[in-house]
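The values are calculated or read from the model by the stated rules, or taken from the named source; none is laboratory data. Remember, it's a predicted structure, so these values are computed and weren't measured experimentally. For neighbour counting, all protein chains shown are included, and Cβ atoms are generated from backbone atoms with ideal geometry for every residue, glycine included.
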Amino acid sequence: MLTDGEMIIRFIVAIVIGLLIGISRRHKPAGIRTFTLLCFGSAIFTIISIGGPFTDSTAYDPTRIIAQIVAGIGFLGLGVIWKEGFGKPSGLTTAAAIWVTAGLGILVGLGMWLETFVAAMFALAILYSKKPLVKARLER
């Protein structure tokens, strides 16, 4: 079971990561609040899965809740794609960012700090890059 201090730290880290990713998407359909809540919510459910009151049961499997986060976020991403484009696929980067943000929230909830930091840095680098790498190389 996590202490109150550990839980609060995980909540704060999830909120900060969601804010940073949301700021990069602030002019898109899913923005700062959406990404912040996504990361925070994923961390909450993960913390519940690893330390909730039902974890004493012998039939308990903490990965079941995490698996449902992944599946549910997939549907949320699909909704962003459908909302964005009616004839051509659009909103794919936002949908992918939603999925990655949920994954980061899961990492935070699990307390996997190194993995969280490295994955967040990669995600932010990708989202803040202005040109796709292939296009930038072709222009040289």
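When you look at residue 40, is it closer than 17 Å to residue 74 by Cα, surrounded by 15 or more Cβ atoms within 10 Å (Cβ to Cβ) and of a type outside the set (Gly, Ala, Ser), yes or no?
Working: closer than 17 Å to residue 74 by Cα: yes; surrounded by 15 or more Cβ atoms within 10 Å (Cβ to Cβ): yes; of a type outside the set (Gly, Ala, Ser): yes.
Yes.
So residue 95 ticks every box in (1) outside any helix (DSSP H, G or I); (2) at pLDDT 85 or above but one. Which box is left unticked?
Every condition holds for residue 95 apart from (1).
Anything in region 28-78 that is modelled with pLDDT of 85 or more and basic (Lys, Arg)? List them, or say none.
33, 64
Of all residues in region 1-29, which are in contact with a helix residue (DSSP H, G or I) (Cβ under 8 Å, 6 or more places away or on another chain), free of Cβ contacts under 8 Å to residues at least 24 places away in the same chain and of a type in the set (A, V, I, L, M, F, W, C)?
19, 23 - these are the residues of region 1-29 that are in contact with a helix residue (DSSP H, G or I) (Cβ under 8 Å, 6 or more places away or on another chain), free of Cβ contacts under 8 Å to residues at least 24 places away in the same chain and of a type in the set (A, V, I, L, M, F, W, C).
Which residues, taken from region 107-121, are of a type in the set (Val, Ile, Thr) and closer than 13 Å to residue 48 by Cα?
Once the filter is applied, which keeps residues that are of a type in the set (Val, Ile, Thr) and closer than 13 Å to residue 48 by Cα, region 107-121 yields only 108.
Out of (1) modelled with pLDDT of 90 or more; (2) in contact with a Ser or Thr (Cβ under 9 Å, 6 or more places away or on another chain); (3) hydrophobic (A, V, I, L, M, F, W, C); (4) surrounded by fewer than 17 Cβ atoms within 10 Å (Cβ to Cβ), the odd one out for residue 108 is which?
(4)
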